[in-house]
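A short write-up of the structure that comes next.
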Amino acid sequence: MSPAPDDLGDPTSYLTLEKGAPVISSDGERIGRVEEVRADETVDVFDGFVLGTGPLGSDRRYVAAEQVDTIF
């Protein structure tokens, strides 16, 4: 797990991840925002999220949970 950047706060659960949250790449670049969180809440399993990029988040890509290092 990467160290938490000072301005992002403490690591947290996917349950607090909301639409519009910024997505930061491993090299510190803001690459878009969360458009949709995918999870099976009945068994408390985070599956991933839909990343929105470009103007108004119109380009969307799925990011699997395995590709997510930390949620802040």
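Being touching a residue at least 24 places away in the same chain (Cβ under 8 Å) and out of contact with any Asp or Glu (no Cβ under 8 Å at 6 or more places or on another chain) is a property that does not hold for D44.
In this structure, R30 does not qualify as among the basic types (K, R), touching a residue at least 12 places away in the same chain (Cβ under 8 Å) and open to solvent by 80 Å² or more (accessible area, probe 1.4 Å).
Looking at this structure, is S2 touching a strand residue (DSSP E or B) at 6+ places or on another chain (Cβ under 9 Å) and at pLDDT below 95?
Working: touching a strand residue (DSSP E or B) at 6+ places or on another chain (Cβ under 9 Å): no; at pLDDT below 95: yes.
For S2, the condition - touching a strand residue (DSSP E or B) at 6+ places or on another chain (Cβ under 9 Å) and at pLDDT below 95 - is not met.
The listed residues are F49, F72, and the only one of them that is at pLDDT below 95 and not charged (D, E, K, R) turns out to be F72.
Taken over region 33-48, the criterion of being part of a strand (DSSP E or B), surrounded by 10 or more Cβ atoms within 10 Å (Cβ to Cβ) and either within 13 Å of the chain's Cα centre (by Cα) or not aliphatic (A, V, I, L, M) (or both) is satisfied by R33, V34, E35, E36, V37, R38, A39, F46, D47, G48. Check region 49-57 and report whether any residue there is among the hydroxyl-bearing types (S, T, Y), part of a strand (DSSP E or B) and open to solvent by less than 40 Å² (accessible area, probe 1.4 Å). Yes, the conditions are met somewhere in region 49-57.
Exactly one residue out of P22, P11 is in contact (Cβ under 8 Å) with a residue 60 or more places away in the chain and surrounded by 10 or more Cβ atoms within 10 Å (Cβ to Cβ): that is P11. The set of residues from region 26-70 being touching a Pro at 6+ places or on another chain (Cβ under 8 Å) and charged (D, E, K, R) comprises R30, R33.
The values are calculated or read from the model by the stated rules, or taken from the named source; none is laboratory data. The model shown is predicted, which means the values in this text are computed figures rather than measured ones. For neighbour counting, all protein chains shown are included, and Cβ atoms are generated from backbone atoms with ideal geometry for every residue, glycine included. SASA here: full protein model, heavy atoms, side chains in, ligands and nucleic acids out. Shrake-Rupley method; radii C 1.70, N 1.55, O 1.52, S 1.80 Å.
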